[in-house]
Amino acid sequence: MIMRRDKAVTLTEMLVVLVIIGVLLTVSIPLFSRYGETTKLKTAARSVVTALRTARTYAISRNTTYQVRFEVMADDGRHAFFISTDGDDPIAGEKRYMLFSGLEFGTDTQDTAVAFFPAGSADADAQIEIEDVSSENAIIVSVEETTGRVRMEAIVDE
């Protein structure tokens, strides 16, 4: 007599697999959401670094003082920054760059500016803090006075 063996999956085995998948999803989803928050913060910090380095390059190549101004917009309260020569308006061809919603400048950064001189130096040592309001993480962008060097520091958990 030939024995026949069924190759079907039982209901119990299927439920065990579904429970394992559910546990893995429960653990992994918060990790991905934190990754998204960190990415948003890093992207904003890179934009600030780019604006500062661009202002320094303009100052050197055009032999004029340039600055990056950080402000809170009066109409909607969003945090913005722009490259300027006079401190009031963006230079021609530039615009105001807005931080993503949920991000803001630290209190010491709001309504300040970092100026770069034609020699490439900055007007002072500066630290620009960009905070994620929901996670309370922050990134510090620092500017060295004597060299005008701009760099992004590590994420700080507050």
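The values are calculated or read from the model by the stated rules, or taken from the named source; none is laboratory data. Just so it is clear, the model here is predicted, and its values are computed rather than measured. As a convention, Cβ positions derive from the backbone with ideal geometry for all residues, glycine included, and neighbour counts pool all protein chains shown.
Here are some notes:
- Of all residues in region 127-145 being touching a strand residue (DSSP E or B) at 6+ places or on another chain (Cβ under 8 Å) and polar (S, T, N, Q), the one that is surrounded by the most Cβ atoms within 10 Å (Cβ to Cβ): 137
- Unique match (being among the small types (Gly, Ala, Ser), over 17 Å from residue 152 (Cβ atoms) and in contact with a Gly (Cβ under 7 Å, 6 or more places away or on another chain)) among 61, 101, 121: 121
- Criterion (closer than 15 Å to residue 127 by Cβ and in contact (Cβ under 8 Å) with a residue 24 or more places away in the chain) met by exactly one of 51, 59, 113: 113
- Region 87-111 - residue that is of a type in the set (Ser, Thr, Tyr) and surrounded by 15 or more Cβ atoms within 10 Å (Cβ to Cβ) and, of those, nearest to residue 144 (Cα to Cα): 109
- Applying a threshold of 7 Å to beta carbon distances and a minimum spacing of six or more residues, or different chains, the list of pairs starting in region 130-158 at a residue that is closer than 18 Å to residue 53 by Cα and of a type in the set (S, T, N, Q) and ending at one that is surrounded by fewer than 17 Cβ atoms within 10 Å (Cβ to Cβ) and at pLDDT below 90 reads 142/153.
- The number of residues in region 93-124 being among the polar types (S, T, N, Q) and more than 18 Å from the chain's Cα centre (by Cα) comes to 2.
- Against the list (1) under 21 Å from residue 144 (Cβ atoms); (2) modelled with pLDDT under 90; (3) of a type in the set (Lys, Arg), the condition residue 5 fails is (1).
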